[in-house]
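The structure appears below as structure tokens.
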Amino acid sequence: MLTLAGYALVQLAALGLVLGAVEWCYPNRADQPRLRPQLFTDLAFYFGQHLVWLGLELSALWAVASALAPLVPAAPREWMSQLPWPAQALVAVAAGDVLTYWYHRASHAVPWLWAFHRVHHTSPRLDWLAAHREHPVDGLLTQCAMNLPALLLGISLQGLVWLVVFRGVWAAFIHANVRLPLGPLRLLVGAPELHHWHHAAVPRTLHNFSNLAPWTDLLFGTYHCPPHQDHELGLPGQPQKSYLGWLLSPHRD
């Protein structure tokens, strides 16, 4: 059985091989260097997330779900338990997407939430590794928004693990330096270029808050996807920091 460190290394290699190959074949920004500045900072975020923060976040998520479970009526859980696993996963993902959309939107509007979430927006280059640049407080709140509905509706712990892995891989994909010829399919499955507009270099972006497919952006009027991709990324005038500097930045900036 893989240790936590072993799993982190295997996933890093798998994402690097698969998404790295897709970035090579279908680059969104062909002039972006692979050995970009802040690459090692984002590697520190990756290993910090997988070796330290993710376990704490999931433990906190389980504690919150256990505290809230007695408040959930029995009928939704009974209805959920009668569904086949694919339907359970679809309901859990859809409910999590709605809650995540509104948390994500709030994290751009509420100053104290933005203080933590802005760390994720500080990378001036996007690729699959930049997806892991996330303050652990923002990570905890995001995990709760994405997965609390699943737990409260009775998804098993094993099912939750698969959902967490799936969402993690998808997050790496939508940050990748990739532009795929999806056409209208981007309305169904989402696309990296949608999320790249969310990372446009403006003080706080107000569009493309969806986590998986963009249906919540379409529903709530925040969908935005011009045909070009010539916008700058990151936060205007933001100097770069070390990993520790970013962790401390909500209390210092």
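Structure notes:
- Matching option when the condition is assigned to a helix (DSSP H, G or I) and in contact (Cβ under 8 Å) with a residue 12 or more places away in the chain, among 98, 10, 18: 98
- Long-range neighbours under 7 Å by Cβ, at least six apart or interchain, first residue among the small types (Gly, Ala, Ser) within region 169-185, second part of a loop (DSSP other than H, G, I, E, B) and buried (at least 17 other Cβ atoms within 10 Å of the Cβ): 176/127
- Qualifying residues in region 72-88 (those that are within 17 Å of residue 163 (Cβ to Cβ) and exposed (fewer than 10 other Cβ atoms within 10 Å of the Cβ)) - the one modelled with the highest pLDDT: 84
- Residue check, residue 126 outside any helix (DSSP H, G or I) and either surrounded by fewer than 19 Cβ atoms within 10 Å (Cβ to Cβ) or aliphatic (A, V, I, L, M) (or both): yes
- None of 82, 49, 11 is more than 18 Å from the chain's Cα centre (by Cα) and not aromatic (Phe, Trp, Tyr) except 82.
- Residue list for region 240-253, restricted to those being more than 15 Å from residue 133 (Cα to Cα) and in a loop (DSSP other than H, G, I, E, B): 253
- Listed by position, the helices (runs of 4 or more DSSP H) contained in region 136-217 that have at least 2 residues being out of contact with any helix residue (DSSP H, G or I) (no Cβ under 8 Å at 6 or more places or on another chain) and under 18 Å from residue 65 (Cβ atoms) are 157-175.
- Taking each residue of region 40-60 that is aromatic (Phe, Trp, Tyr) and looking for partners that are crowded, with 19+ Cβ neighbours inside 10 Å and outside any helix (DSSP H, G or I) with beta-carbon atoms closer than 6 Å, six or more apart or interchain, yields 45/133.
- First in region 101-116 and within 21 Å of residue 253 (Cβ to Cβ), second anywhere and among the hydroxyl-bearing types (Ser, Thr, Tyr) and modelled with pLDDT under 95, Cβ under 7 Å, 6 or more apart: 108/205
- Whichever residue in region 66-84 is part of a helix (DSSP H, G or I) and aliphatic (A, V, I, L, M) and, among such residues, is farthest from residue 153 (Cα to Cα): 67
- Condition check for residue 131: hydrophobic (A, V, I, L, M, F, W, C), at pLDDT 90 or above and part of a loop (DSSP other than H, G, I, E, B): no
- Selection count where residues are surrounded by 15 or more Cβ atoms within 10 Å (Cβ to Cβ) and under 20 Å from residue 88 (Cα atoms), scope region 170-196: 1
The values are calculated or read from the model by the stated rules, or taken from the named source; none is laboratory data. Remember, it's a predicted structure, so these values are computed and weren't measured experimentally. FYI the Cβ positions are ideal-geometry reconstructions off the backbone, even for glycines, and counts take in every protein chain you see.
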